[in-house]
1. Working carefully through the options Ile64, Ile97, Ile12, find the one that is exposed (fewer than 10 other Cβ atoms within 10 Å of the Cβ) and at negative phi.
2. Looking at Tyr48, Tyr26, Tyr104, which one is assigned to a helix (DSSP H, G or I), out of contact with any helix residue (DSSP H, G or I) (no Cβ under 6 Å at 6 or more places or on another chain) and either within 29 Å of Leu162 (Cα to Cα) or modelled with pLDDT of 90 or more (or both)?
3. Give the number of residues within the range 265-280 that are open to solvent by 20 Å² or more (accessible area, probe 1.4 Å) and under 27 Å from the mean Cα position of the chain (by Cα).
4. Take the range 138-179 and flag every residue that is under 23 Å from Arg117 (Cα atoms), in contact with a helix residue (DSSP H, G or I) (Cβ under 6 Å, 6 or more places away or on another chain) and of a type in the set (Ser, Thr, Tyr).
5. Against the condition over 27 Å from Ile197 (Cα atoms), aromatic (Phe, Trp, Tyr) and open to solvent by less than 20 Å² (accessible area, probe 1.4 Å), how does Tyr109 come out, does it pass?
6. Given the condition exposed (fewer than 14 other Cβ atoms within 10 Å of the Cβ) and within 20 Å of Phe332 (Cα to Cα), answer yes or no: does some residue in the range 282-292 qualify?
7. Look through the range 130-142, keep the residues that are among the hydrophobic types (A, V, I, L, M, F, W, C) and outside any loop (DSSP other than H, G, I, E, B), and return whichever of them is most open to solvent (accessible area, probe 1.4 Å).
8. Just to be sure I understand, how many residues within the range 111-129 are in contact with a Lys or Arg (Cβ under 9 Å, 6 or more places away or on another chain) and either more than 21 Å from Val189 (Cα to Cα) or touching a residue at least 40 places away in the same chain (Cβ under 8 Å) (or both)?
Amino acid sequence: MIVLSISFLLTIIAILLLILFFFTMYLVYQRQRESQLKKRRDIYLHNYSQIWYDYLFNDEPFSIVLVPRGKAQVEAIEIIFSSYLKNLMNENVKKVIKEFSNLYLKKFYEQDLLSKRWSIRMNALYRIADLQIDELLDICQQFEKTGISEEEFFQLLKIYSLFQPDLFMEKLKDQNVHYSESEYRRLFVLLEDDVFIRFFDDFDNWPLNIRFAVIDTAAVKRNMQYIDKLKHLLSSDISEIKVRALKGLYEIGIIDEIDSYVPFVTSDMWEARLMVAKIFKHAPITYTYAYLEQLLQDENWWVRSQAAKTIAEDRQGLEKLQEFIESSNDPFAIERAQEITARKQENK
């Protein structure tokens, strides 16, 4: 049996109380430090926000007082820049912000990349990308070699995609970390069109989740130069690729011919038939009605419904649906056509 003396217990208690005291003092110090930082930041925002606005938008000459002195002023400038970059599409303002950041903010973020705290390093990586500090590209490449996290590497990929597309493509091929489709889409949507289109040139050699992300990003970008690339994928052996390519073509919304889509009217995949019913919305009904009428009698409720909606949206659509109702022998198709017709008339 272990017997503890009273003096020993008191010593342990005293040590614990001392540790608690120092921990409490550290928290108080950190809170005061953050409070002072916020106060200095707010003072800078109050005193210089208008000067920043005049400099960026009214062509006022640059003032040396805008150069940040310390972390609080850097944070204030981040707030100002982020507000303008998120809410405005002014290329000249973006150019000025980029030049300023490369001159006066670069050293702060370079120092933050050396921090032991993950959150500080991540914030620096976000700011490097958002503020277009391309002069830190070499530093970022050195930073990559320091045993970084998956999240940090993902943000580095974003930086590479903005500043060095060739390096970005190389990293995607060589890297061992695999991301989700949504994460790849977040990377691809930032790419210039002449860089992004290169993914189609080597399409079959990419992992499947990257291929899916490429198709979905092309749909989001809605650029006409992707139409032929997506139409080429309609002959893929992978069903999901064909369906996504159809969806992408629908999202772009420009149909120059219908021959590429006609085979999907009788596809074994109801999802493909559904997408064709949507795509025909972008083509004159004089060319598509025979196929839409066939889709209106499809075995799948969603396909029938979409075909009826597509027909109804044309100027002659209600007349076409009424003719179909009067002549068809398909009770399910007639029922859906009647529902869409009634709904369309109610909304007039």
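1. Just a single option satisfies the conditions, and that option is Ile64.
2. After ruling out the rest, the residue left standing is Tyr104.
3. Result for the range 265-280: 3.
4. Tyr160
5. yes
6. yes
7. Of everything passing the filter in the range 130-142, Ile139 is most open to solvent (accessible area, probe 1.4 Å).
8. 4
The values are calculated or read from the model by the stated rules, or taken from the named source; none is laboratory data. Because the structure is predicted, anything quoted here is derived from the model rather than measured. Every residue, glycine among them, receives a Cβ derived from its backbone with ideal geometry; neighbour counts consider all protein chains shown. Accessible surface is based on the protein model in full, side chains and every heavy atom, while ligands, DNA and RNA are left aside. Shrake-Rupley method; radii C 1.70, N 1.55, O 1.52, S 1.80 Å.
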